[in-house]
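The values are calculated or read from the model by the stated rules, or taken from the named source; none is laboratory data. These numbers were taken from a predicted model, which means no experiment stands behind them. Note that each Cβ is placed from the backbone with ideal geometry, even for glycine, and that neighbours are counted across all protein chains shown. Each accessible area value is taken on the protein alone, full model and side chains, heavy atoms only, with ligands, DNA and RNA left out. Shrake-Rupley method; radii C 1.70, N 1.55, O 1.52, S 1.80 Å.
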Amino acid sequence: MGVDIRPFRAWVLAPERLRGLADRHATPWDRVDVENSVRLLDEWKRLEVLAREERPAMYVYEQTGPLGVQRGVISAVHLDSRLLPHEDVAPAHTDAMVELMRAGRMSMPPILLGYGGTDRTAAQLDTAVRQRPLTELRTPDGQQHRVWRLTERSTCGEIIDALHERAALIADGHHRHVAARRFRREVHAAGYGRGPWDYIPALLVDTKRSPMRLRPVHRVLPHVDPWKALAAAQQWFQITALAGPLEEWLDVLRARSYHGAAFIIATPDRAFLLDRPNVEFLQGPCERFPESLRSMHISVLQAFLDVVAESPVLYEPSAPRALHAVRELGGIAAIAFPPSHLDLSAAAATGVRLPVKSTAFGPDPHPALVLRALPSPRRA
């Protein structure tokens, strides 16, 4: 089996009803705790910000704007589908997502899946977007998000058949995927049979027609002593002091990255390039990674951070914001480029996992235009 998808009965965002709300662009997943997330979901339903669809459907989703273009199909995907993860997850983050599923009976935002589509599937999407959208929203970053409903049985059937022959890479949503599988185990263990908890909502993007932009995820470690970290690095890396603005640092990093693992360690007032890890490092701190990943820059970076820090790590996809954070909080920021598409495909195909938050695919789909509620389980 490839990717097993089906229509579902969704809640669709009515953006015009968000006007006047103080947090009109916030979503329940911007909240820091389960109680506030569930409260916002309930408020959206009460104010009819979320409209319940009358029957199951699949949805064409498209966004355009300065951050890029993305088009795909939102549907329910069976958790036993051939979905290929490529990075590890943080247990605490997964725990919070499972708790939100329990408390709110609302699935997470659709995970992002990339697959190689067919001309026929692409033609179905092209036809759909020529119609008037079901809902649309422009976000503060300038992106225009639009959704179209697909209910025609033959159209949905063609897309279902096409996906059933293919695997899909989990581009974004590893934590949601793991949380959904864990939630399903809990429901089954409680004596309930098959049901909607066997599926997870997903945005499936044909990467041949709508390539995803691969972005890095930088690290900020505010409680690390910068000079102790750099002193430790001296025994394993070549260290080069960097001058000038961030753009010049990135130019140096790009040039060095062609020849092997390299990353930047920034303190509140200095920056240093670390590259050319020696054999002792690759055979020591990096040994916990599979041999196929041991020399990748994200593995080398993670192994180094594991040695110098036990403090919490903050993840930031923007290099300027990572530098701002370290200047505000202290500690160090680690600036790195993402793995290549070839690296990700090779890792996913062999079942190897990259470190947590190794990559970010973009542009990010809107998390709340199409949502799926989970009904209370009934015993089989």
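Key figures for this structure:
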{"item": "Any chance R166 is touching a strand residue (DSSP E or B) at 6+ places or on another chain (Cβ under 7 Å), modelled with pLDDT of 90 or more, farther than 27 Å from E48 by Cβ and open to solvent by 20 Å² or more (accessible area, probe 1.4 Å)", "result": "yes"}
{"item": "Which listed residue is in a loop (DSSP other than H, G, I, E, B) and open to solvent by 50 Å² or more (accessible area, probe 1.4 Å), from E291, E287", "result": "E291"}
{"item": "Answer from G117, G193, G173 - the residue that is more than 17 Å from A10 (Cα to Cα) and modelled with pLDDT of 90 or more", "result": "G173"}
{"item": "Selection count where residues are within 20 Å of I332 (Cα to Cα) and within 28 Å of the chain's Cα centre (by Cα), scope segment 255-270", "result": "7"}
{"item": "Selection from segment 298-308 of residues that are over 15 Å from V217 (Cα atoms) and open to solvent by less than 20 Å² (accessible area, probe 1.4 Å)", "result": "A303, F304"}
{"item": "Filter result (part of a helix (DSSP H, G or I) and surrounded by 16 or more Cβ atoms within 10 Å (Cβ to Cβ)) within segment 123-137", "result": "Q124, L125, A128"}
{"item": "Yes/no for R288 being basic (K, R) and over 19 Å from H86 (Cα atoms)", "result": "no"}
{"item": "Pair list, Cβ < 8 Å and 6+ apart or interchain, from segment 132-161 residues that are more than 21 Å from L50 (Cα to Cα) to residues that are among the hydroxyl-bearing types (S, T, Y)", "result": "E158/T121; I159/S75; I159/T121"}
{"item": "Selection from segment 31-53 of residues that are modelled with pLDDT of 80 or more, over 15 Å from R102 (Cα atoms) and either part of a loop (DSSP other than H, G, I, E, B) or open to solvent by 60 Å² or more (accessible area, probe 1.4 Å) (or both)", "result": "K45, R46, L47, E48, V49, R52, E53"}
{"item": "Residue in segment 276-296 that is within 22 Å of V326 (Cβ to Cβ) and either among the small types (G, A, S) or in contact (Cβ under 8 Å) with a residue 40 or more places away in the chain (or both) present", "result": "no"}
{"item": "Some residue of segment 145-154 being under 16 Å from R372 (Cα atoms), basic (K, R), in contact with a strand residue (DSSP E or B) (Cβ under 7 Å, 6 or more places away or on another chain) and open to solvent by 70 Å² or more (accessible area, probe 1.4 Å)", "result": "yes"}
